[in-house]
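The structure appears below as structure tokens.
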Amino acid sequence: TNNYLRVGQTASYHVRRSFLKFDTSDIPDNGTVSQVNLKLTVYLDQSVTNFDVQIVKQDWSGQDPLSDTNRETAYDNCLSGDADDNIWRNTNGISENSTYTSGNLSTSWINKEGSTYYSLRSSRDYNANKPNGDECIYPYSAESTTASYRPVLVVVYTASQNYTLTCA
């Protein structure tokens, strides 16, 4: 419900993982997804140690909407979920209020019949590295008052059309 997400770890051992949901039901059933990228804009960078922001292919639809009674399940499953082959980016050289685009993500993860779910985690969290101080970033969320700062899932697809032509 904040205007930002949290990813990483803090010196006081708070581990931050975030969850993203995109409505991808407008992609036609006969559409062929050829490219997927995630765009996030950084609100705040508090990372004293560089880490990769991993994009996790985690279907947390069973916990949607997240609440006090189910968020721990989504949180735990984020750590054990499969990371995409590409990350969003490394925090080295990251700038606040700048938008960054991930590498190409798995096209097979896109759900054309509903929503596509992802999670974000720190590579240092995943590798169980002890934090060296605050190593956390805060990307803007869907609740950001600036629309251009909100997370965007770019999905490139083509749709085949079948035409029946009659002789005139």
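A few notes on this one:
- The chain: relative contact order in percent, alpha carbon pairs under 8 Å with at least 6 residues between: 45
- Calculated FRET value between ASP82 and ASP26, using beta carbons and R₀ = 25 Å, to 0.05: 0.45
- Database remark: amide H of CYS136 closer than 5 angstrom to the amide H of GLN9, GLN46, SER47, VAL48 (H placed geometrically; neighbours at sequence offset of 5 or more, or on other chains; Pro and chain starts carry no H).
- By average C-beta atoms within 10 angstrom, highest first, the peptides 62-75, 143-156: 143-156, 62-75
- Separation of the ALA159 and SER115 label points, Cα + 7 Å toward Cβ, nm: 2.2
- Size of the chain as Cα extents on the principal axes (Å, biggest first): 76, 35, 31
- Computed FRET value (nearest 0.05) for ASN132 with LEU66, which takes r as the C-beta separation and R₀ as 35 Å: 0.75
- Charge context of GLY93, other residues only, Cβ under 14 angstrom, K/R +1, D/E -1: -2
- When the solvent-accessible area of the range 33-81 is split by element, carbon and sulfur atoms take up 41 percent of it, the probe being 1.4 Å.
- Sequence-distant residues sharing a close amide H with PHE51 (under 5 Å, placed H): THR91, ASN92
- Extension gain for the segment SER108 to THR73, taken as residue separation times 0.36 nm less the Cα-Cα distance, is 10.2 nm to one decimal.
- The calculated 222 nm mean residue ellipticity attributable to helices in the chain amounts to -2000 deg cm²/dmol, summing -39500 (n - 2.57) over DSSP H runs of n ≥ 4 and dividing by all residues.
- Cα-based helix-to-principal-axis angle, 71-80 vs the chain, degrees rounded to 10: 90
The values are calculated or read from the model by the stated rules, or taken from the named source; none is laboratory data. If you're wondering where the values come from, they're calculated on a predicted model, not measured in any experiment. When we count neighbours, we look across all protein chains shown, and the Cβ atoms used for this are built from the backbone with ideal geometry, even at glycine. Surface areas here come from the heavy atoms of the whole protein model, side chains and all, with no ligands, DNA or RNA. Shrake-Rupley method; radii C 1.70, N 1.55, O 1.52, S 1.80 Å.
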